[in-house]
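Some notes on the structure that comes next.
The values are calculated or read from the model by the stated rules, or taken from the named source; none is laboratory data. Everything quoted here is computed from the prediction, not taken from an experiment. FYI the Cβ positions are ideal-geometry reconstructions off the backbone, even for glycines, and counts take in every protein chain you see. The protein model used for the area step is the full one, side chains on, heavy atoms only, and it has no ligands, DNA or RNA in it. Shrake-Rupley method; radii C 1.70, N 1.55, O 1.52, S 1.80 Å.
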Amino acid sequence: MIDSLLAIIAPHACLGCRRENTLLCSDCRQELPMIVPRCYRCGCSSAEGRTCVQCAAGQALYSVRARTVYDGTAKALVAKLKFERARAAARDIAYALPEPPAYEGHELLIVHVPTATSRIRERGYDQAQLIARRYAKIHAMAYMPALARMGQQRQLGGSGVQRRHQLESAFRVVRPAAIAGKHIILVDDVVTTGATLAAAAAALKAAGARRVEAVTFARA
């Protein structure tokens, strides 16, 4: 409600063309540079961002698809959401995310990757949750806040190995019975090494998820 009132008093302007009432208009969304689908672990070209054969052994994450690169307009849009409390950016990001996969016989479920509790306190909301809820609504799919962070700390920088080590046992599944047999679509804003998504996927698979894929707005 507050964001809606602010939009009336001081309308958002598109970060690409300055058109009012949106942070990323449909025209500028179409102009975001596309990226080549890659395996999130080794970076090799891979159809639909699937984890390649060489990296798939022991991995819970089936694929990671990002819409664009974390630069320019995309980076500015994420900054609006994460650092300037512009909740409307979640809607624009959700519209830009890759389409969800279509699988018959599997029940698809949208799940967000929980943000560190310290960040939620700073912002007043979990940006990944805002994006996931809107994404589920756009595609008429079920959404569930199925994951919880075990620790309070945000993930720090470092190599992929260091980041994966930081995130060991970082997530727990809140309702395992509701996850069993489901095809999960993990939603987050930006993917860097993929360590956070992999840790979340591992928790979901351990709870009985049939398959876990991820969609993100940008790849850093």
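Return yes when residue 53 is under 26 Å from residue 202 (Cβ atoms) and either loosely packed, with under 15 Cβ neighbours inside 10 Å or among the aromatic types (Phe, Trp, Tyr) (or both) and no when it is not. The answer is yes for residue 53. Please go through the stretch 88-102 and give me each residue that is touching a residue at least 40 places away in the same chain (Cβ under 8 Å), outside any helix (DSSP H, G or I) and open to solvent by 70 Å² or more (accessible area, probe 1.4 Å), ordered by number. Listed by number, the list holds a single entry, 99. Note on the stretch 115-150: residues that are closer than 16 Å to residue 170 by Cβ, in a helix (DSSP H, G or I) and open to solvent by 50 Å² or more (accessible area, probe 1.4 Å) amount to 2.
Annotation note: of 207, 170, 201, 195, the sole residue that is open to solvent by 20 Å² or more (accessible area, probe 1.4 Å), more than 23 Å from residue 91 (Cα to Cα) and either touching a helix residue (DSSP H, G or I) at 6+ places or on another chain (Cβ under 7 Å) or modelled with pLDDT of 95 or more (or both) is 207.
Restricting attention to the stretch 55-71, which residues are part of a strand (DSSP E or B) and either farther than 14 Å from residue 39 by Cβ or among the aromatic types (Phe, Trp, Tyr) (or both)?
Step one: list which residues in the stretch 55-71 are part of a strand (DSSP E or B), which gives 61-69.
Residues satisfying the conditions are 62, 67, 68, 69.
Looking across the stretch 18-33, just one residue is loosely packed, with under 15 Cβ neighbours inside 10 Å, modelled with pLDDT under 95 and at negative phi, and that is 20.
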